[in-house]
1. Where in the range 28-84 are there strands (runs of 3 or more DSSP E), lying wholly inside it, with at least 1 residues that are of a type in the set (Gly, Ala, Ser) and on the phi > 0 side of the Ramachandran plot?
2. Which ones in the range 273-292 are among the β-branched types (Val, Ile, Thr) and either in a loop (DSSP other than H, G, I, E, B) or touching a residue at least 24 places away in the same chain (Cβ under 8 Å) (or both)?
3. Which of the residues that make up the range 33-60 are crowded, with 17+ Cβ neighbours inside 10 Å and under 13 Å from residue 6 (Cα atoms)?
4. Starting from the range 239-251, keep only residues that are acidic (Asp, Glu), then list their pairs with residues that are part of a helix (DSSP H, G or I) whose Cβ atoms are within a distance under 7 Å, requiring at least 6 positions of separation or different chains.
5. Does residue 100 fit the bill of being acidic (Asp, Glu), exposed (fewer than 11 other Cβ atoms within 10 Å of the Cβ) and assigned to a loop (DSSP other than H, G, I, E, B)?
6. Do we find that residue 192 is in a helix (DSSP H, G or I), at pLDDT below 95 and surrounded by fewer than 17 Cβ atoms within 10 Å (Cβ to Cβ) in this structure?
7. Quick check, is residue 90 in a strand (DSSP E or B) and loosely packed, with under 12 Cβ neighbours inside 10 Å?
Amino acid sequence: MLKSMTGYGRCDENIDGRDIIVEIKSVNHRYFEFNARISRGYGFLEDNLKKYIQSKISRGKIDVYVSVGASDVEPSVVTVNHSLAAGYISAMREVGEVYDLPNDITISSISRYSDIFSVHKAPEDEEKVWNTVLIALDKALDSFISMRIREGERMKADISERAANILSIVAKIEERSPQTVAEYRQKLQDRIEEMLGDVKIDEQRLLTETAIFADKIAVAEETVRLRSHFDQLNVMLNDDVPVGRKIDFLVQEMNREANTIGSKAVDSQIAYMVVDIKAEIEKIREQVQNIE
């Protein structure tokens, strides 16, 4: 199944008492490149994220954002800095005595000084956190891969259409090529008759010259190889494994055959057809750059 290297997926859910956000996006890249932004304190997730995503995706520049909220089921401990609290109370009483102010110190007034209190979370169970994040990651990946597949299907349809167009042009070249030999023979005969007048033409020599010309412009080998390349392309487009690099190489070979046909072309019609083939191959090449 053909997949694009461009994709996006997101999951935003509360799982096991935690608000988890996982966002994945990618663009084309020659290899697998991974970059992650993770909530502070959860950097231990990065290695697992990379290994898991790489088991699902072979190529592309992957950017992953993971936000892990605090658990609302894990216990937290609040401690009081009593010496600091005593210092605040003493200072407030002193201000009251010096400036003749009412002593209205209450718990609520002391609570305004946040540095008196410290919140301590229980140590994180890294495996448990990973398993929680993995639930969201799988959902984001499902959405991400589905988008890649949809884009891949559109690319496959476009490439297949262009391949069919190229093969129809190749058929026209194969039909036209023998005609150019016959036209050359006739032109050569007309030229000789014009130069020699009533002198008898050496038919054997004429046949030899025509055969030499036919050999020079013969493109049968190239068109056969070109057809073979497109047969391989069709197989790759329906393969279940990543084929982007293979198709990229195959397109280079297609272009090489088209160039050879163009270099042999002495007929303007064939030359124009080769230009059309190369234009279509270039459009296929552009599409292939984004295939996984």
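1. On the way: elements: 32-38, 60-68, 76-80.
Here the list reads 60-68.
2. Just the residues of the range 273-292 that are among the β-branched types (Val, Ile, Thr), to begin with: 274-275, 277, 281, 284, 288, 291.
Passing the criteria: 274, 277, 281, 284, 288, 291.
3. 57, 59, 60
4. 248/288
5. yes
6. yes
7. no
The values are calculated or read from the model by the stated rules, or taken from the named source; none is laboratory data. Here the structure is a predicted model, which means the values were calculated and not measured. Heads up, the Cβs are rebuilt from the backbone with ideal geometry, glycines too, and the neighbour counts pull from every protein chain shown.
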